[in-house]
């Protein structure tokens with residue numbers, strides 16, 4: 001019996017792929033102990049225990065994006081976090097990390113103890129935590145090909161899919177046209193109208209929501225249906241027959257399948273799930289970070305399944321004037337999704353087994 005530590009908390013982009021691999025590992029090695037690392041503030045506190053896995057906390061290392069006096073505190077916070085991670089993983093047989101602020105202390109703690117490490121990078125442009133982790137291991141995996149640095153030689157696995165998306169992909173492969181028709185019917189939308197699905201992540205996007213609110217009256221004149229995930233923290237607008245605002249979409253697989261057009265941020269998980277089930281997307285990359293959201297969408301653009309627009313150019317005027325042209329592009333795009341990410345969890349788990357074999 002082995003103990004496997006998973007590090008990847010804070011956002012769904014780190015947690016959901018980790019959970020997919022954890023489920024795969026548990027299926028193959030039911031007697032192994034699986035422990036997730038997280039902080040008391042992260043989204044993992046709601047998601048990980050609900051998925052049936054143990055969650056252990058370490059102190060968070062906060063790093064502001066801009067230089068400030070708070071940077072003087074980083075070495076002390078990092079030392080405490082590494083020490084806490086070390087006490088949890090000291091008897092572990094393997095650490096699998098997915099990036100983010102939880103992973104960096106775990107990588108250092110595991111590296112100091114010579115515990116095998118596997119790292120998966122979800123974004124097309126690797127983040128700082130995973131670049132740090134790559135100092136301690138050569139067992140690297142990526143969702144997208146990386147042109148330079150340590151991850152340029154990584155195993156290309158794709159990004160692990162959530163169980164509902166993976167199941168929907170298997171079912172849809174039997175008949176994509178019927179799958180899209182049935183999903184739209186299950187959501188209660190008119191199959192004779194194009195369906196536009198707008199989402200800004202689990203918490204919503206104030207910037208995207210405000211553009212939709214301004215453009216909505218004229219957009220509705222184009223005889224379309226619109227499903228709008230505004231985020232749990234935002235007030236729900238008034239619904240109409242063709243406009244349905246919701247705090248959060250539970251049936252995400254159906255939403256991907258049913259939509260003729262998706263308007264969304266291009267986070268790694270969103271791009272992966274869209275790639276599996278979606279048809280056409282207008283991506284508005286988040287204008288902060290290291291530019292990874294722009295790179296995440298680039299392959300989908302090359303494949304003719306997406307358009308990318310900078311947030312400064314994504315205006316109500318643009319949306320009203322271009323929505324019909326974008327829907328025409330969507331109509332010309334392929335009905336089929338992609339199985340590129342279908343085996344990602346299995347591949348990462350296999351890399352973990354390989355890493356443990358060389359302990």
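Values in this text are rule-based calculations from the coordinates and carry no lab data. As the structure is a computational prediction, the values presented were derived from the model and not from experiment. Cβ placement follows ideal geometry from the backbone for every residue including glycine, while neighbour counts extend to all protein chains displayed.
Quick one: length gained pulling residue 31 to residue 170 fully straight, 0.36 nm per residue minus the C-alpha distance?
Here the answer is 47.2 nm.
Pull out the extension gain between residue 310 and residue 56, defined as 0.36 nm times the separation in residues minus the alpha carbon to alpha carbon distance; nm, one decimal.
Gain in length upon complete extension: 87.6 nm.
Where does helix 103-112 land angle-wise versus the long Cα axis of the chain, in degrees 0 to 90, nearest 10?
Compared with the principal axis, the helix lies near 20 degrees.
Of the candidates 238, 311, 324, which one comes out as most mobile in a Gaussian network treatment of the chain with C-alpha springs shorter than 10 Å?
Comparing 238, 311, 324 in a Gaussian network model of the chain, the most mobile one is 238.
Diagonalise the Cα gyration tensor of region 1-133 and give the resulting equivalent ellipsoid semi-axes, square root of 5 times each eigenvalue, largest first, whole Å.
After scaling each eigenvalue by five and taking roots: 24, 16, 14 Å.
If you line up the long axis of helix 268-277 against the longest principal axis of the chain, both from Cα atoms, how many degrees apart are they, to the nearest 10?
Helix 268-277 sits at roughly 50 degrees to that axis.
Using only Cα atoms and rounding to the nearest 10 degrees, what angle (0 to 90) does helix 12-28 make with the longest principal axis of the chain?
Tilt of helix 12-28: around 60 degrees.
Efficiency by 1/(1 + (r/R0)^6): what FRET value for residue 77 and residue 155, r their Cβ-Cβ distance, R0 = 30 Å, to the nearest 0.05?
Step by step, r from the Cβ atoms, then E = 0.40.
Along the Cα-to-C-beta direction of residue 207, a point sits 7 Å from the Cα; which residues of region 253-290 have their amide N less than 16 Å from that point?
Residues 263-268, 282-290 qualify, since their backbone N sits under 16 Å from the label point.
What is the log10 of I(q)/I(0) for region 101-229, computed with the Debye formula using one identical point scatterer on each Cα and no solvent, at q = 0.17, 0.19, 0.23 Å⁻¹?
Here the Debye-derived log intensity ratios amount to -0.98, -1.05, -1.24.
Which translational diffusion coefficient, to the nearest whole µm²/s, is obtained for the chain from the Stokes-Einstein equation, given a Kirkwood hydrodynamic radius over C-alpha pairs, 10 °C and 1.306 mPa s?
Rounded, D is 75 µm²/s.
Order of 25, 176 from fewest to most other C-beta atoms within 10 Å?
Placing the least packed residue first, the sequence is 176, 25.
To the nearest 500 deg cm²/dmol, what mean residue ellipticity at 222 nm is calculated for the chain from DSSP H runs of n ≥ 4 alone, each contributing -39,500 (n - 2.57), summed and divided by the residues?
The helix contribution divided over the chain gives -12500 deg cm²/dmol.
With the Cα gyration tensor of region 163-332 giving a ≥ b ≥ c as the square roots of its eigenvalues, does the rule (a/c under 1.5 for rounded; else a/b larger than b/c for prolate; else oblate) give rounded, prolate or oblate?
Rounded is the answer for region 163-332, as its axis ratio a/c remains below 1.5.
Restricting things to Cα coordinates, could you compute the convex hull volume per residue of region 57-164 in Å³?
Considering the Cα atoms of region 57-164, their hull volume per residue is 126 Å³.
So for region 224-313, Kirkwood radius off the Cα pairs, Stokes-Einstein at 10 °C and 1.306 mPa s: how many µm² s⁻¹?
It comes out at roughly 114 µm²/s.
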